Amino acid sequence: MNRLNFYRCLVVISLVVTSCASGDRMVKNSYPDPLILDMVHHNPGEVPYKSAYNDPAVIKEMGYNGKVYFLFESPALAINWESVDPDILPVGSEERKWVDNKALQIKKMHALYKEQGMNIYAMSDLILFPQRLIEKYHIEDTFGDPNNPLIQKFIRAQLNEIFEQFPDLDGLVVRIGETYLQDAPYHQGAIDNKTDAEKTIIPLINILREEICVKHDKQLIFRTWNAFDRNLSTYMKVSDAIEPHPNLIISIKQCEGDFHRARPFSKVIGQGRHPQIIEVQCAREYEGKGAYPNYIANGVIEGFEEHARMPEDQINSLHKFVEKRPDLYAGVWTWSRGGGWDGPYIKNEMWCDLNAWVMAQWAKDPKQSEESVFNRYAREKLKLKSDDVVAFRKLCLLSAEAVVRGRNTIYCDMNPWWTRDQGIGWPAPAKDAVAQTRNLQQKDESVAKWEQIVKLAESIHWGSEETRNHVIGSAEYGFRLYKIYRILVYMSDAEAKGNAEDVQKWIQAYDQAWIDYNKLSEEFSFVATLYTQKYNRHIKNNADRKVNELR
């Protein structure tokens, strides 16, 4: 039994089992030795990110004790399936060469982290099998069903091979929300009824629990995302049906759905009887990916302003989660980089680093205040002095306020998907007149806050000219981009009201705003790649195309 599991067993034994006669919930001890994990989420189908967070020494120094490898670095793609049938990936075939090369790459990566004494986990899509297995056993129509006896047999065989061929792996992070195949040319994946507790989630977790937690004494981190992360009754049904195990942890994003601001705080955090690890995206895929200031660690830890309206007795932050249900706190899992598709692509990881460092350092000891951890980063990492620390904190807190107002409102009056990755869609007006008035007002507030952010960036004494160039340039990036957002929201409002004169006025402002924005790379050496007017991926109604129709 490894050290982590030994301590967890001690916790299970040491839980306070006495309660008062009124039947109040038992007070339990804190979860010990929390997992503090990081993952670089590479863009599927692209060259992997070159990032400092690929270096185990870097993330260990930041406070992490484990690494989560991305989907296409998973042993699920690198096992040879010989225990089932040597003809599935026959020696000498192109498929087998690919799998064997993948296995060598993964083992080299694992060795680097083990040298640093870190735990290693692999995120894996389930269900995922070699195409030749699916064809040979004629399971094209059934391989996504975890209740099918043959599929269960293959899942168990897959898990056995993963841990036998990669014994240094400490556990699997399992997702069933989507299946990516961009970098898996010889595999096929899907799952049936991914949100159905009885047909899919419970039987699958039971198989994984038996094979991973019990048989192999490894850890299973099962992700709720896009499966049972929004419906509390479904979550509780799953929680009640699965027997707890020291090696079984549930992974939950801190907000419902995807990593959008103004989305509800996850109602399943702090519920049920299984330890929970909280997922946090540091380079937010819908908010620039680190291209501009966007400090989210304060909101995640202490509570975003949009969640301040929740009833006092409800959990609305990680701090309150640990305070109310310390027995369920299993740690934090950050995505230091990545999420989404394409760009922007950053040249400097400072804004990602701030979020990741604060999350990792706080997660080790949640009794700390977020502000104290933040101030340490400013002093120790950025070498800022007292007045500049104050100014830097003001800049960062303003960035969180500016982002939520510029992309949405604190009441989520807009569809959060209207702008993402490196593109901008046409923003539909809010659902009613009151919400739309608020929407327009908060776009004005956002741009005003971005203007303050630029002034603060210029006022701080940075340690190097490169840092100064990056911070001011990235602040200008946010300022100019959010001007474009504001113009489009106002133009959409004018178009909806049939005000042709205002539409034309906003088109002129739009054209000038893009001219100013596109000058960024000429003015600043370290700015990220820019948003583009022609980007259409996952955007139904391209904003620039709509503007051209209105000209």
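Throughout, read-outs are computed from the coordinates displayed, never taken from laboratory work. Just so it is clear, the structure is predicted and the values come from calculations on it, not from any experiment. Every residue, glycine as well, gets a Cβ built from its backbone with ideal geometry; the counts of neighbours run over all protein chains shown.
Things worth noting here:
- Charge dipole (the chain, unit charges on Cβ, about Cα centre) - positive-most of Ile277, Asn247, Pro146: Ile277
- Neighbour-count ranking [beta-carbon atoms within 10 angstrom, fewest first] of Trp98, Trp417, Trp357, Trp225: Trp417, Trp98, Trp225, Trp357
- Neighbour-count ranking [beta-carbon atoms within 10 angstrom, fewest first] of Ser464, Ser124, Ser336, Ser521: Ser464, Ser521, Ser124, Ser336
- About the Cα centre, charge dipole magnitude for the chain (Lys/Arg +1, Asp/Glu -1 at Cβ), debye: 740
- Backbone N under 14 Å from the Ser525 label point (7 Å along Cα→Cβ), restricted to the stretch 438-469: 464-469
- Violating pairs (Cα-Cα greater than 31 angstrom) within the set Lys107/Lys534; Lys50/Lys253; Lys107/Lys153: Lys107/Lys534
- Ranked by the mean number of other Cβ atoms within 10 Å of their residues, highest first, the peptides 386-393, 283-290 come out as 283-290, 386-393.
- Relative contact order computed over the stretch 194-254 (Cα-Cα under 8 Å; 6+ residues apart), in percent: 42
- The stretch 164-194 and the stretch 480-547 have Cα centres spaced 39 Å apart.
- Long pairs among Lys394/Lys449; Lys483/Lys505; Lys199/Lys267, criterion Cα-Cα beyond 18 Å: Lys199/Lys267
- Within straight-line cross-link reach of Lys108, aspartates and glutamates at Cα separation under 14 Å, skipping those fewer than 8 residues along the same chain: Asp55, Glu73, Asp100, Asp168
- For Cα extents along the principal axes in Å, the value computed from the atomic coordinates appears in the list (i) 91, 57, 43; (ii) 69, 59, 48; (iii) 99, 76, 47 under label (ii).
- Enclosed volume per residue, in Å³, of the convex hull spanned by Cα atoms of the stretch 192-304: 115
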